[in-house]
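Engineer: Below is one structure. I have some questions about it.
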Amino acid sequence: MFKGTNIHPFEKKLYLSSPTMHGGELEYIKEAYDTNWMSTVGENINETERLISGFVGRKYSVALTSGTSSLHLAVKLAGITKGTKVFCSDLTFIASTNPVIYEGAEPIFIDSEYKSWNMDPEALEKAFEKYPEVKHVVTVNLFGTPCDYERIREICDRHNAVIIEDAAESLGTVYNGRRAGTFGDISAVSFNGNKIITGTSGGMLLTDDESVAKKARKWSTQSRDCAQWYQHSELGYNYRMSNIVAGVIRGQIPYIGEHIAQKKKIYQRYKEGFKDLPVQMNPIPENSSPNYWLSCMTVNPGAMCEQRLGDTEYTYTKESGKTCPMEILEAIKTINAEGRPLWKPMHLQPLFKKYDYITVNNDNGRDLFMRGLCLPSDNKMTEEQQNAVIKAVRACFE
């Protein structure tokens, strides 16, 4: 029982965001098995590419092994090579940055804005003033919320810069009437096990350029040349999606809207449950409809107890009426539920400390990381379970 409340731990662990299966996925897996199309070709791949292209609104989709592999090929296709400077979102998961490093390029991290938690257009402007030669920008739609693409696109067009859109977390998100996955010159989505729909793994590269799609397909299958024997003229990768994984995704696609609606209800219940607490939920920018992949919150500055975060360890000092993310996460864990800190900004990662970081408003991303956390957001969570999470959070402010 959680100290200070009458909350009993859940018998079965409540996860942050776990796969939600519907049964139809098995039909497509069985189809692949029965027809013996078990490798990286087959009808499931063809249909998944067609359906995702149609849903998102892109001409071409290339089914790959992961969101990271999709971003890696996007980086190569955009012409990023050794020594290239690239503006990258700072508050994100490391997979958004790693492909830049794979190619020997130099990331320059751009701070976040509070209204979306995504790349700050003002910081991006400042970055172009310092590095006018830069021609590549990697944006991220954090936790399913879109960037301010109206301003970011205008800035990038003015500087003749290509946008690579990491839409891994935002399939189904809408901004100004367009879906995530359409805002980059090249975009990528993920079907990892915790995403809005899943294939257990898998990703998709999205583009409106047929030549880009063809090149991505070739590179993803070890860059085999058109010859009767195995001939290779350029470096390739084993990045093509399995027909089995594609079968799972194919069976999940009809449920994208249902999953988003469930996630939205979770977000709204948290917002209502915390309305009298000194906290803020992750923001929803104007003219946008996120997919509500994860419900997150920040503790208001005046309600924060003292908290110290090292590279791998943390401490905090409990104060009456105050709390901090790590105390809240401990409380959530005590009732057998899973929460997580927000992504630690890239410029604070030991791996990336040597790279430049551009901020306008005094390190917004670091502030969000220090005050924020991701709440249990599994769309199979019952109202009773969510009420228990809300009660555990509220107890931390006592």
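Taken together, the values in this text are just the output of simple stated rules run on the coordinates, not laboratory data. Every value quoted in this text rests on a predicted model; they were computed, and no experiment measured them. Here the Cβ is made from the backbone with ideal geometry for all residues, glycine too, and neighbour counts use every protein chain on show.
Engineer: From zero up to wherever the largest Cα-Cα distance of segment 267-368 sits, split into 5 Å bins and tell me the percent of pairs in each.
Structural biologist: 2, 10, 16, 22, 21, 15, 9, 4, 0
Engineer: Would you please calculate the Kirkwood hydrodynamic radius of segment 38-84 over all C-alpha pairs and express it in Å, rounded to one decimal?
Structural biologist: For segment 38-84, the Kirkwood estimate is 12.2 Å.
Engineer: Something else now. For segment 48-131, restrict the atom set to alpha-carbon positions and state the Rg and Dmax in Å.
Structural biologist: Looking at segment 48-131, its Cα Rg and Dmax stand at 14.8, 42 Å.
Engineer: Loop-only GluC sites (Glu not before Pro) in segment 6-101, please: DSSP not H, G, I, E or B, and at most 13 other Cβ atoms within 10 Å.
Structural biologist: Glu11
Engineer: Still on this structure, I have one more. If you restrict to DSSP beta bridges whose two residues both lie in the chain, what percentage is antiparallel, to the nearest 5?
Structural biologist: 60
Engineer: Could the peptides 126-138, 193-205, 12-24 be put in order, highest first, of the mean number of other beta-carbon atoms found within 10 Å of their residues?
Structural biologist: Packing proxy ranking, top to bottom: 193-205, 126-138, 12-24.
Engineer: With a sphere of radius 10 Å drawn around the Cβ of Met297, what net charge do the other residues whose Cβ falls strictly inside it have (Lys, Arg +1; Asp, Glu -1)?
Structural biologist: Charge balance near Met297 sits at +2.
Engineer: Could you tally the net charge around Lys265, taking each other residue with its Cβ under 15 Å from the Cβ of Lys265, Lys/Arg +1 and Asp/Glu -1?
Structural biologist: Surrounding charge for Lys265 is 0.
Engineer: Right, here's the next one. Rounded to the nearest angstrom and ordered from largest down, what semi-axes does the equivalent ellipsoid of the chain get from its C-alpha gyration tensor (root of 5λ)?
Structural biologist: Sorted largest first and rounded, they come to 36, 27, 17 Å.
Engineer: Expressed as a fraction of 2.2 N^0.38 Å, the rule-of-thumb size for a compact globular protein of N residues, what is the C-alpha radius of gyration of segment 233-273?
Structural biologist: The reported ratio for this selection is 1.99.
Engineer: Can you give the three extents of the C-alpha atoms in segment 127-215 along their principal axes, from longest to shortest, in whole Å?
Structural biologist: 42, 30, 24
Engineer: Another question about this same structure. Can you flag which of Lys195/Lys318; Lys82/Lys126; Lys115/Lys322; Lys115/Lys135; Lys12/Lys263 are past 29 Å Cα-Cα?
Structural biologist: Result: Lys195/Lys318 exceed 29 Å.
Engineer: Using just the Cα positions, wrap segment 24-254 in a convex hull and report its mean projected area in square nanometres, one decimal place.
Structural biologist: Value for segment 24-254: 12.5 nm².
Engineer: Quick check: the distance between the Cα centres of segment 29-91 and segment 340-394, to the nearest angstrom?
Structural biologist: Computed from Cα coordinates, the inter-centre distance equals 27 Å.
Engineer: Same structure again: Restricting to Cα pairs below 8 Å that are 6+ residues apart, what does the relative contact order work out to for segment 24-254? Please round to a whole percent.
Structural biologist: Across segment 24-254, relative contact order equals 28 percent.
Engineer: With everything on Cα atoms, drop me the angle between helix 67-77 and the longest principal axis of the chain, reported from 0 to 90° to the nearest 10.
Structural biologist: Roughly 50 degrees between the two axes.
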